[in-house]
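Following: one structure in structure tokens, then a few remarks.
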Amino acid sequence: MLGHALAARAGVAYPDLLPARLLQPLGMNATVIATHAADLPAARAHGGRAAGRPLDPWSGVGYAPAGVGPWSTAEDLGRLAAATLAGTAPGADATTARFREDGNNRVGYGWFTTRHGDHEVIWHNGATSGFRSYLGLERATGRAVVVLGNTDKGVEPIGRRLLGVPEKEAGDAAPVAPVWIGAGLAVAFTFLGGLSLLRTARRRELDRVTVVAAVVWAFAYLGLAHRMGDWAVVPAWLWPLGAGLSVAAATVAVTRWSALPVVDARVPWRRLLSVASSLLAAVLALAAVSD
């Protein structure tokens with residue numbers, strides 16, 4: 001909203017205001033304002049989740065002032081950080097703290113000032129789809145740092161450590177979920193469907209509708225493993241191994257197909273209803289974790 005207000009006051013669009021007032025004076029020639037997918041830099045980094053799955057970048061004219069439109073480089077942002085620290089960047093006085101939040105935190109015009117023990121850090125961070133950023137500076141030491149990350153895991157602790165904040169006070173950027181959860185989901189879902197299908201295919205009493213449901217679930221579990229598992233921690237070769245297990249189990253089921261009845265139950269409609277509910281649950285589970 002502030003970006004739109006400044007642009008309206010200047011009488012120009014925000015994608016024109018930012019280069020004129022900030023980028024060109026500082027020589028930030030590699031920074032562009034991409035408000036449409038076609039404007040994205042060809043050599044850009046590609047963002048994703050910390051678990052390894054890619055994410056599509058956000059774009060849109062309306063959100064450009066919120067940090068979605070600008071695409072920059074570490075070199076350009078280093079120029080911004082150095083000029084802000086020196087007080088020569090346009091609007092550098094915005095870093096001056098004017099409002100006190102609590103004993104350790106104060107706020108300027110779009111900048112935060114936080115005390116970490118003996119270090120007083122002026123900073124701001126950012127987050128969009130698949131990316132995290134942090135710019136921090138400390139006037140007392142004359143140091144500034146820019147940290148860019150192309151996952152959804154925060155980079156603030158890295159920036160604070162680079163500024164000299166002790167590890168205990170710098171904190172840690174916790175992932176969206178504990179690592180062991182994502183790793184457990186990857187391993188469990190990768191093999192659960194295939195093992196379950198193999199067990200079903202070897203049952204003495206079996207019918208075709210049960211086989212169909214088991215096959216659907218075997219491959220649904222593979223989809224869940226792919227989408228929910230933390231493949232930045234778990235070896236990626238486990239997934240094709242689980243897929244091979246599911247294919248092998250499906251092959252065992254197919255060899256019995258011709259000898260199986262369609263429905264083997266005293267009340268056929270109950271079996272059909274149960275299978276239909278199971279198939280619907282598999283579809284909904286995949287839909288729920290889809291982007």
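The values are calculated or read from the model by the stated rules, or taken from the named source; none is laboratory data. Everything numeric in this text was worked out from a predicted model, so none of it was measured. Counting neighbours? That spans all protein chains shown, and the Cβs are built from the backbone with ideal geometry, glycine included. Heavy atoms of the whole protein, side chains included, go into the accessibility calculation; ligands, DNA and RNA do not. Shrake-Rupley method; radii C 1.70, N 1.55, O 1.52, S 1.80 Å.
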Report yes if some residue within the range 182-200 is open to solvent by 30 Å² or more (accessible area, probe 1.4 Å), at pLDDT below 95, more than 30 Å from residue 285 (Cα to Cα) and within 21 Å of the chain's Cα centre (by Cα); otherwise report no. no
Residues located in the range 64-75, provided they are within 18 Å of residue 17 (Cβ to Cβ) and touching a strand residue (DSSP E or B) at 6+ places or on another chain (Cβ under 9 Å): 64, 66, 67, 68, 69, 70, 71, 72
Could you tell me which of the residues 115, 132 is closer than 20 Å to residue 101 by Cβ, among the basic types (Lys, Arg) and either in contact with a strand residue (DSSP E or B) (Cβ under 7 Å, 6 or more places away or on another chain) or open to solvent by 60 Å² or more (accessible area, probe 1.4 Å) (or both)? 115
Those residues of the range 3-52 which are basic (Lys, Arg), touching a residue at least 40 places away in the same chain (Cβ under 8 Å) and over 23 Å from residue 147 (Cα atoms) amount to 21
Taking residue 82 as the residue in question, decide whether it is of a type in the set (A, V, I, L, M, F, W, C), open to solvent by 40 Å² or more (accessible area, probe 1.4 Å) and touching a strand residue (DSSP E or B) at 6+ places or on another chain (Cβ under 7 Å). yes
Take the residues in the range 146-155 that are buried (at least 21 other Cβ atoms within 10 Å of the Cβ) and more than 13 Å from the chain's Cα centre (by Cα); name whichever of them is farthest from residue 95 (Cα to Cα). 147
Determine whether residue 93 is under 18 Å from residue 21 (Cβ atoms), open to solvent by 30 Å² or more (accessible area, probe 1.4 Å) and assigned to a helix (DSSP H, G or I). yes
For residues that are of a type outside the set (A, V, I, L, M) and open to solvent by less than 40 Å² (accessible area, probe 1.4 Å), scanning just the range 26-40, find the one that is modelled with the lowest pLDDT. 35
Six or more apart or on different chains, Cβ under 9 Å: which pairs go from a residue in the range 216-231 that's closer than 15 Å to residue 287 by Cβ to one that's open to solvent by less than 50 Å² (accessible area, probe 1.4 Å) and among the basic types (Lys, Arg)? Could you list them? 226/53; 227/53
Six or more apart or on different chains, Cβ under 9 Å: which pairs go from a residue in the range 134-158 that's farther than 26 Å from residue 51 by Cα and without any contact (Cβ under 8 Å) to a residue 24 or more places away in the chain to one that's charged (D, E, K, R) and open to solvent by 40 Å² or more (accessible area, probe 1.4 Å)? Could you list them? 140/118; 140/120
So for the range 231-248 (the condition being open to solvent by less than 40 Å² (accessible area, probe 1.4 Å), at pLDDT below 90 and of a type outside the set (S, T, N, Q)), does at least one residue qualify? yes
Say whether the condition of being open to solvent by 40 Å² or more (accessible area, probe 1.4 Å), assigned to a strand (DSSP E or B), over 30 Å from residue 234 (Cα atoms) and β-branched (Val, Ile, Thr) is met by at least one residue in the range 11-25. no
